[in-house]
Amino acid sequence: MTVKVGDELPTFTRETGFANWNRYAAVNDEFVPIHMDDAAGEAAGNGGAFGMGNLQWAYLHNMLRSWIGENGEILTIEVQFRSPNVKGQTVTAKGVVTAVDGDVISLDVWTEQQEGTKLAPGSAKVKMGK
Amino acid sequence: MADSNISEAMKAAVGTETSRSTSYPISESDIRKWAMAVYWPDKAPDVFTDPAAAAKTVHGRLVAPEDFNPFAWASATDELLLKSALPESREHDPDGPELALGIAGPGLTYQLNGGIVCEYGVRMGAGDVIIGTNSVGEYNEREGRLGQMLFSRTIVTWVNQSDELVKRTTNTLIRY
């Protein structure tokens, strides 16, 4: 596969809510009230319970892995958690190629909700699997 | 801007190595459950669930997603490198990072995961033992949509049983 600047990655999409968050809490021992309880999330200024930043992080990795293949490598990734993932949102992880330097591919990556608001923007460097 | 929430004691703590933990050996079941959770409701890729399929990849064995946390529920050893330990009952206290250092926290009410920067090395796989070291990163603050926000960072370095770098992560915690 020839990769060029501007290429868009296949997306990774999930309907989000307690069904996702509780499963993630169960494996990461992340039973924090703001992620489990609407009153705690509302008290924290987010209108209700909201999802873990770490799960957004995982969704971005899922998207990258699917694109680079099982033998590919994620070299670096960074994101900022700008907006909460609240219940009922459809969250999509997206990516676009920003540079190709030999076998190292730079990308802008982000998660966004169903209206296109970015929740967790960032960047990554990967190598495609051979 | 309101008075700073960054005390002299907090500034002095930057660079301090706070803890070192050793994971239990990662099991295939640990990897499988993690992958099932982060891919739910779809099926997780075979490289995380099927040892025979994983053996045919460049990894040669079942490997974990890069975002896998082998310290999530328990560690084989936890070595606190400071006199003061954070009581487990206050694990999620917004002052937790400073209480663990034996200094007063900023006394803020809420905390959020502000972001992650990560450099990856070798993959984690079944049977691996991970040694994690935490140290105190920089503090800064600025006005945000929820008022004055304090940004603090933790540097986390993981190596495996062969002393190979697994990942180096900078986690940013936002408190307000």
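crowded, with 19+ Cβ neighbours inside 10 Å, in a helix (DSSP H, G or I) and within 15 Å of the chain's Cα centre (by Cα) - does that describe any residue in segment A:1-14? Scanning segment A:1-14 turns up no residue that is crowded, with 19+ Cβ neighbours inside 10 Å, in a helix (DSSP H, G or I) and within 15 Å of the chain's Cα centre (by Cα). Residues in segment B:55-73 that are more than 7 Å from chain A (Cβ to nearest Cβ), touching a residue at least 60 places away in the same chain (Cβ under 8 Å) and buried (at least 17 other Cβ atoms within 10 Å of the Cβ): 5 in all.
Would segment B:1-24 turn up any residue that is under 20 Å from A:Asn22 (Cα atoms), in a loop (DSSP other than H, G, I, E, B) and within 14 Å of chain A (Cβ to nearest Cβ)? No, there is no match, as no residue in segment B:1-24 is under 20 Å from A:Asn22 (Cα atoms), in a loop (DSSP other than H, G, I, E, B) and within 14 Å of chain A (Cβ to nearest Cβ). I'd like the full set of residues that are over 16 Å from the mean Cα position of the chain (by Cα) and within 14 Å of A:Trp67 (Cβ to Cβ), limited to segment A:99-129. Matches in segment A:99-129: A:Val100, A:Ile105, A:Ser106, A:Lys127, A:Met128, A:Gly129. What about B:Arg32, is it of a type in the set (Lys, Arg) and closer than 29 Å to A:Glu70 by Cα? Considered against the rule, which asks whether it is of a type in the set (Lys, Arg) and closer than 29 Å to A:Glu70 by Cα, B:Arg32 comes out as yes.
Scanning for something touching a Lys or Arg at 6+ places or on another chain (Cβ under 7 Å), among the hydrophobic types (A, V, I, L, M, F, W, C), in a helix (DSSP H, G or I) and under 15 Å from A:Ala26 (Cβ atoms), does segment B:36-59 turn up at least one residue? Scanning segment B:36-59, I find at least one residue that is touching a Lys or Arg at 6+ places or on another chain (Cβ under 7 Å), among the hydrophobic types (A, V, I, L, M, F, W, C), in a helix (DSSP H, G or I) and under 15 Å from A:Ala26 (Cβ atoms), so the answer is yes.
Screening B:Ala76 against (1) crowded, with 16+ Cβ neighbours inside 10 Å; (2) more than 12 Å from chain A (Cβ to nearest Cβ) leaves a single unmet condition, (1). Looking across segment A:47-83, just one residue is at the interface with chain B (Cβ under 9 Å from one of its Cβ atoms), crowded, with 23+ Cβ neighbours inside 10 Å and part of a loop (DSSP other than H, G, I, E, B), and that is A:Phe81.
Each value in this text was obtained by applying a stated rule to the coordinates, not by laboratory testing. It should be emphasised that the depicted structure is a prediction, and the values quoted were computed from it without experimental measurement. Reconstructed Cβ throughout: ideal geometry from the backbone, glycine too, with neighbour counts over all protein chains shown.
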